[in-house]
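Accompanying notes for the structure given below.
The values are calculated or read from the model by the stated rules, or taken from the named source; none is laboratory data. Since we're looking at a predicted model, the values are computed, not measured. Counting neighbours? That spans all protein chains shown, and the Cβs are built from the backbone with ideal geometry, glycine included.
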């Protein structure tokens, strides 16, 4: 994901400033009762799978140019033929008619 606004940079700067503030010495009250825990992020299995899928998509070429060029020339020459029975079978298998 690409963020073009300055909001991400502002949030990062605010976070950096908060973490640079001097820590209270022993005996001073900081409003918390124990040591500060480090930041942590947990990513679900579904999130990891989605990330892997996104990586695979971005790594794939934009198109299979050899196939596109071959089909384009077939369509332009009139040699490209559609098997109507196969097309109809595919459409029927993809449509949920609620039966």
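Please identify the pairs in which a residue from region 30-41 that is at negative phi and in a loop (DSSP other than H, G, I, E, B) has its Cβ atom under 9 Å from the Cβ atom of a residue that is loosely packed, with under 10 Cβ neighbours inside 10 Å and at pLDDT 80 or above, counting only partners at least 6 apart or on another chain.
Within 9 Å, the pairs are 30/36.
Which ones in region 50-61 are over 29 Å from residue 15 (Cα atoms) and in a helix (DSSP H, G or I)? Outline the logic, then answer.
First, pick out the residues of region 50-61 that are over 29 Å from residue 15 (Cα atoms): 53, 56-61.
If the condition is that a residue be over 29 Å from residue 15 (Cα atoms) and in a helix (DSSP H, G or I), then 53, 56, 57, 58, 59 are the ones that fit.
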